[in-house]
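Step one of this worksheet: look at the structure below.
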Amino acid sequence: MTDDLLSLEVLDRGSDVVITVSGELDFGTTARFLTAAQPLAEAGRCVILDLADLMFCDSSGLGALVRLHKLAEDAGGTLCLARLRPQLESTIQLTMLHRLLVIRADVPAL
């Protein structure tokens, strides 16, 4: 799933699902992001978001990450954020979301 502002690539690895997110996660792209990611979180899967190529994330994007976390947790799954760029990691720290969200330096190996 791709357009000029947001690109999503979903890789089902059996035990988990890796969604590579590239571009911008903002008011204009958050709905499309949730359309792709929400069913996986609601299915109770282990969802890993590879955010190495996410260039921008506004409050709508942060809200979408929190929503996915809650959906995954309620369904018995998990949400993990991996390979955050420094600006996003700093924003997550400043908003105290690091206390809620699981953050890893790399995408976990199988």
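I'm told LEU40 meets every condition in (1) surrounded by 15 or more Cβ atoms within 10 Å (Cβ to Cβ); (2) farther than 17 Å from LEU6 by Cα; (3) out of contact with any strand residue (DSSP E or B) (no Cβ under 9 Å at 6 or more places or on another chain) except one. Can you identify the failing condition by its number?
Exception for LEU40: condition (3).
Output yes when any residue across region 10-22 is closer than 24 Å to ALA109 by Cα, surrounded by 13 or more Cβ atoms within 10 Å (Cβ to Cβ) and modelled with pLDDT under 95, and no when none is. Let's see the steps before the verdict.
Filtering region 10-22 for residues closer than 24 Å to ALA109 by Cα gives 10-22.
Checking which are surrounded by 13 or more Cβ atoms within 10 Å (Cβ to Cβ) leaves us with 10, 13, 16-22.
With modelled with pLDDT under 95 added as a condition, the list becomes none.
Scanning region 10-22, I find no residue that is closer than 24 Å to ALA109 by Cα, surrounded by 13 or more Cβ atoms within 10 Å (Cβ to Cβ) and modelled with pLDDT under 95, so the answer is no.
Test LEU68 against the criterion of being buried (at least 19 other Cβ atoms within 10 Å of the Cβ) and under 18 Å from ARG99 (Cβ atoms), and give yes or no. Can you show your working first?
On the way: buried (at least 19 other Cβ atoms within 10 Å of the Cβ): yes; under 18 Å from ARG99 (Cβ atoms): yes.
For LEU68, the condition - buried (at least 19 other Cβ atoms within 10 Å of the Cβ) and under 18 Å from ARG99 (Cβ atoms) - is met.
Which residues, taken from region 62-110, are in contact with a helix residue (DSSP H, G or I) (Cβ under 6 Å, 6 or more places away or on another chain) and outside any loop (DSSP other than H, G, I, E, B)?
ALA64, LEU68, LEU71, ALA72, THR78, LEU79, ILE92, HIS98 - these are the residues of region 62-110 that are in contact with a helix residue (DSSP H, G or I) (Cβ under 6 Å, 6 or more places away or on another chain) and outside any loop (DSSP other than H, G, I, E, B).
The values are calculated or read from the model by the stated rules, or taken from the named source; none is laboratory data. Note that the structure is a prediction, hence the values are computed from the model and not measured. All Cβ positions, glycine included, derive from the backbone under ideal geometry; neighbour counts span all protein chains shown.
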